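Data block below; observations after.
The values are calculated or read from the model by the stated rules, or taken from the named source; none is laboratory data. All figures in this text were calculated on a predicted structure; none of them were measured in a lab. Glycine also receives a Cβ, built like all others from the backbone with ideal geometry; neighbour counts cover every protein chain displayed. Keep in mind that these areas ignore ligands, DNA and RNA; they rest on the heavy atoms of the full protein, side chains included. Shrake-Rupley method; radii C 1.70, N 1.55, O 1.52, S 1.80 Å.
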Amino acid sequence: MKVRIREFLREDIGSGDITSELVVPADARAEGHIICKADCVLAGLAEASELFAELGAEVVKSKTDGKPAKKGEVVMEVRGTARKVLAGERLALNLIMRMSGIATLTHELVHRCWEVNPKVRIAATRKTTPGFREFEKKAVLLGGGDPHRYGLYDAILIKDNHIRIAGGVVEALKRARKGSFTKKIEIEVESREDALLALDNGADIIMLDNFRPAEFTKLSGELRKKRPDVLIEASGGITPDNVVEYAKGADIISLGWLTHSARSIDFSMDVEKA
């Protein structure tokens, strides 16, 4: 995290905050209060604290990531030289706003789906912002969701293009099983026929991609009847408007919406002379 924070600071500050250097006395001290502008689940406070520490400012009070906050609540207090506090203001707000937006949406969808199926997992995808994935996945976790895989290196997920190049579902699974015995093998399918092939050929997790809710629920029931240990994931075309319709028949529901379309939560920072 520290490396990323330093990169973010270099991007924003560059050779120096020319406005503060011209306008704010070097010895002036300030206190900043970060205020929540809407009810939400908090995320990004740990990153904001690391950011201010990197600048040499002190976080004297902070709420806890993953906890709810109410509109108008002060979630963090920062003290230090005015130039340092001002230098971190925008970046700290950006981190908290973006991550809290993801955590809040995730929390909402998790609890809506748990009303139908308390065991279902709401998972993220790799549809993330380049360079910011670790923070977006962390926000999903803070909202009660599952990060799913972090990259191409940590899970076997055979998708449609893999299947076409390998020569079909059976051959793709055969190759994956031969090459690895330590990881579960997941495969994405787009038809009942391919789902049954995947089941019969030892897939651990079957992702039913772009199925309508009724079709998904019917097929997931059929697959479990044949092999109760298989995990069924719903994916493709899932939004906050229809996610609950998949909850009954799913072990996992993955939706890129958590990270590519979550709205940021508004926060502001009031800075005063200390």
_For a quick check of your reading of the filter: which trypsin sites (Lys or Arg not before Pro) in the stretch 59-128 sit in a DSSP loop and have no more than 12 other Cβ atoms within 10 Å?_
LYS70, LYS71, LYS119
_Heavy-atom accessible area ranking, 1.4 Å probe, most first, across TYR246, TYR150_ = TYR150, TYR246
*Computed over the chain, Cα set: Rg, Dmax in Å*: 22.8, 73
*Rounded to the nearest 0.05, what FRET efficiency do LYS184 and GLU58 give with R0 = 41 Å and r taken as the Cβ-Cβ distance? Could you check?*
0.35
*By what distance, in whole Å, do the Cα atoms of the stretch 196-260 stretch along each of the three principal axes, largest value first?*
34, 21, 16
_Cα centroid separation, the stretch 153-173 to the stretch 103-130 (Å)_ = 26
_Using amide H atoms built in the peptide plane, which far-off residues or other-chain residues are under 5 Å from ILE158 H to H?_
GLU186, ILE187, GLU188
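Starting from 0.36 nm per residue, how many nanometres of slack lie between LYS70 and VAL24 once their C-alpha separation is accounted for?
Length gained between LYS70 and VAL24: 13.3 nm.
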_5 angstrom amide H check on ASP146, placed H, neighbours 5+ away_ = ILE122, ALA123, ALA124
*At q = 0.27 Å⁻¹, what log₁₀ I(q)/I(0) does a Debye calculation on the Cα points of the stretch 90-166 give, no solvent, two decimals?*
-1.19
*Before rounding to the nearest 500, sum -39500 (n - 2.57) across all DSSP H runs of length at least 4 in the chain and divide by the residue total; then give [θ] at 222 nm in deg cm²/dmol.*
-13500 deg cm²/dmol
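Seen from all sides and averaged, what is the projected area of the convex hull of the Cα atoms in the stretch 1-109, in nm²?
Its Cα hull, projected and averaged over all orientations, spans 6.8 nm².
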*Over the stretch 120-274, give the accessible area per residue in Å² for a 1.4 Å probe, as an integer.*
52
